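Below is one structure, written out as structure tokens, with a few remarks after it.
The values are calculated or read from the model by the stated rules, or taken from the named source; none is laboratory data. Remember, predicted model here, so these are calculated numbers, not experimental data. Note that each Cβ is placed from the backbone with ideal geometry, even for glycine, and that neighbours are counted across all protein chains shown.
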């Protein structure tokens, strides 16, 4: 009897806490070891603005992979030459062969710590873009200014803004304001889509496990979807069918270029939360059409940079109802990923109740990169206070930091996050045969 009791206790001790979070899942042909993803976040660690990774970026992602996160989604990577001309501060790039070596090394590093990695690839900032040469950024329509009302910021961020006065000072460039946009020509639209398709081929060559199309919170694809920012009178404007044409053509081009070599998903805002913007019912129709065309997953966001308090919610689970709306129109085999559910019990319950299939953590993985491992064994983890210091710094163009994790930004100095020696045997080669 004593032996049986000890064996039973050992089994109970080995069982993961919040077990739903630690069930494997397939996205297309890619198997993820658990239901926990790292949400894409602009870090401003690529400090020279030439679009290449550095040792800090490598170690930063390694820390989150080592911490047990099953899927790492990179920060926004600009996928065309034109997009790279209108950054806010600095983003990684992928549109020519010089970008391959650094990104392949990033993939190798993340894989060494037993996580999968998807690249979030963007076709541009649109009217949210900033030009160092004071050019007008390309957008669906001209003359629609971009500027955030402080009332649409998270409350804690608003207090920081009001205290500093930075964001409302026209002499100080920030993410809150941008140059007046110009309208993209039809020829430009076609050219950008073609170049973006080629960049997705480069992503396969770099060894990424999947591609996330970047279409949420006010970036270029979102701007085409929204009647607030798309006033075109050609085939790319007007009806929802026309407004979604840009997104659909991008997706179709990506499939044309890479087929099913790796999964292709998309990130979309569940609702723009702005007057005359695109709202949840129309977004569900966009998701339904993408589901019919073979999208491999949908990653939720909400709001935009002009409705930041929805993009960076102040409480757990704020997007779960919108996630359930997306799931209701997608085939059962297409998973939905939902951010900003920091409480593991709520996250596990949301998966159990069918509201979402994976959770993606942003700020929570800034404060504690080991969240997944700690949750799995029932260990206490550092909780994100949603103080918005991290967001405010990056909006001002400075590298991300955290008040409560003093190691954020110095991972490159910590040997535990250095890439280990490669195992003996053949080199791992990207699966590019299916591109033929």
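Restricted to the range 122-135, and to residues there that are at negative phi and part of a loop (DSSP other than H, G, I, E, B), the residue that is modelled with the highest pLDDT is 123. For the range 9-24, indicate whether the set of residues that are at pLDDT 95 or above, closer than 21 Å to residue 211 by Cβ, touching a strand residue (DSSP E or B) at 6+ places or on another chain (Cβ under 8 Å) and in a strand (DSSP E or B) is non-empty. Scanning the range 9-24 turns up no residue that is at pLDDT 95 or above, closer than 21 Å to residue 211 by Cβ, touching a strand residue (DSSP E or B) at 6+ places or on another chain (Cβ under 8 Å) and in a strand (DSSP E or B). Got at least one residue in the range 213-222 being part of a helix (DSSP H, G or I), within 30 Å of residue 26 (Cα to Cα), over 18 Å from the mean Cα position of the chain (by Cα) and at pLDDT 95 or above? No, the range 213-222 contains no residue that is part of a helix (DSSP H, G or I), within 30 Å of residue 26 (Cα to Cα), over 18 Å from the mean Cα position of the chain (by Cα) and at pLDDT 95 or above.
Of the residues making up the range 353-377, those that are closer than 22 Å to residue 319 by Cβ and part of a loop (DSSP other than H, G, I, E, B) are 353, 354, 355, 356, 357, 362, 368.
Residues are listed down the side, and each one gets a yes or a no for (1) touching a residue at least 60 places away in the same chain (Cβ under 8 Å); (2) under 30 Å from residue 114 (Cβ atoms); (3) touching a strand residue (DSSP E or B) at 6+ places or on another chain (Cβ under 9 Å):
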| residue | (1), (2), (3) |
| --- | --- |
| 207 | yes, yes, yes |
| 255 | no, yes, yes |
| 267 | yes, yes, yes |
| 271 | no, no, no |
| 275 | no, no, no |
| 292 | no, no, no |
| 295 | no, yes, yes |
| 302 | yes, no, yes |
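Go through the residues of the range 378-387 one by one and say whether even a single one is at pLDDT 95 or above, surrounded by 13 or more Cβ atoms within 10 Å (Cβ to Cβ) and outside any loop (DSSP other than H, G, I, E, B). No, there is no match, as no residue in the range 378-387 is at pLDDT 95 or above, surrounded by 13 or more Cβ atoms within 10 Å (Cβ to Cβ) and outside any loop (DSSP other than H, G, I, E, B).
Rundown of residues vs (1) more than 15 Å from the chain's Cα centre (by Cα); (2) at negative phi; (3) assigned to a loop (DSSP other than H, G, I, E, B); (4) buried (at least 20 other Cβ atoms within 10 Å of the Cβ), yes/no style:
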site	(1), (2), (3), (4)
268	no, yes, no, yes
282	yes, yes, no, no
291	yes, yes, no, no
300	no, yes, no, yes
303	no, no, yes, yes
306	yes, yes, no, yes
314	yes, yes, yes, no
323	yes, yes, no, yes
332	yes, yes, yes, no
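The lone criterion from (1) surrounded by fewer than 20 Cβ atoms within 10 Å (Cβ to Cβ); (2) assigned to a helix (DSSP H, G or I) left unmet by residue 61 is number (1). Condition check for residue 82 on (1) under 24 Å from residue 197 (Cβ atoms); (2) touching a strand residue (DSSP E or B) at 6+ places or on another chain (Cβ under 7 Å); (3) not in a helix (DSSP H, G or I): one failure, at (3). The lone criterion from (1) at pLDDT below 95; (2) in contact with a helix residue (DSSP H, G or I) (Cβ under 6 Å, 6 or more places away or on another chain) left unmet by residue 119 is number (1). If you go through the range 397-436 and keep only what is closer than 15 Å to residue 109 by Cβ, at pLDDT 85 or above and surrounded by fewer than 12 Cβ atoms within 10 Å (Cβ to Cβ), you end up with 415, 416, 420, 421.
Taking first residues from the range 186-197 that are touching a residue at least 60 places away in the same chain (Cβ under 8 Å) and partners that are part of a helix (DSSP H, G or I), the Cβ contacts under 6 Å between residues at least 6 apart in sequence or on separate chains come to 193/249; 193/250; 193/253; 197/253; 197/254; 197/257.
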